[in-house]
Amino acid sequence: ASIKSFDQDAMQAFYDAWADPKAAYKEDTKWTKMSNGTRKRSLKTMSLFFERCMRRKWITEDPTLIIEVTAEPRKKTREQVKYLTREQMKKVVDALDENYHQMSDYNKTRLKALMLLMRWTGLRISDAVKVKIEDIKGDVLLVVTKKTKAPVQLPIPVEALEMIQKLAPYDGGYLFWNRRSEKSSITTVE
């Protein structure tokens, strides 16, 4: 068979077979069904191949043009947002006092403040550890998140704010990141 015999009908059948784990050409292989995203990428590769074939004048039309890619509905990965209840969060915070006797009370307070800040603002740890004292205006945290690079204003509940107010900032005004050496950089927490 030549490239000229691979027409739009053959391309459609081949494309449909990518999603079929029992396709004839997969019998002697460990191939499985392709995801919709993989099928799209494979179709693009096929399209680039046929584009080259047309430039070389081996064929006159691109058989991939017949393919209509439809978006599959996204699967829900979880039914609902899971979070710790107030009681569960209290147990986590209290566990510091119960299980970390070697840690100083001040470091426990700092760790509790970090946990409460993350709990109530939804910040990732990479964003939370970079919070500076100057980022807090009253009971609002003003930060630019690493992922979206967007400035956000987040209310800080009283229980977290009271814990944060007990802290003395480290060098540079950071509440949770302590520069331990000249080689240390805030980028190491990103």
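The values are calculated or read from the model by the stated rules, or taken from the named source; none is laboratory data. This structure is a prediction, so every number in the text was calculated from the model and none was measured. Positions of Cβ are backbone-derived with ideal geometry, glycine not excepted, and every protein chain shown enters the neighbour counts. Heavy atoms of the whole protein, side chains included, go into the accessibility calculation; ligands, DNA and RNA do not. Shrake-Rupley method; radii C 1.70, N 1.55, O 1.52, S 1.80 Å.
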Quick test for you: out of A10, A17, pick the one residue that is at pLDDT 85 or above, surrounded by 10 or more Cβ atoms within 10 Å (Cβ to Cβ) and of a type in the set (G, A, S).
A10
Residues of the stretch 108-143 being open to solvent by less than 30 Å² (accessible area, probe 1.4 Å), small (G, A, S) and more than 20 Å from the chain's Cα centre (by Cα), which ones?
A113
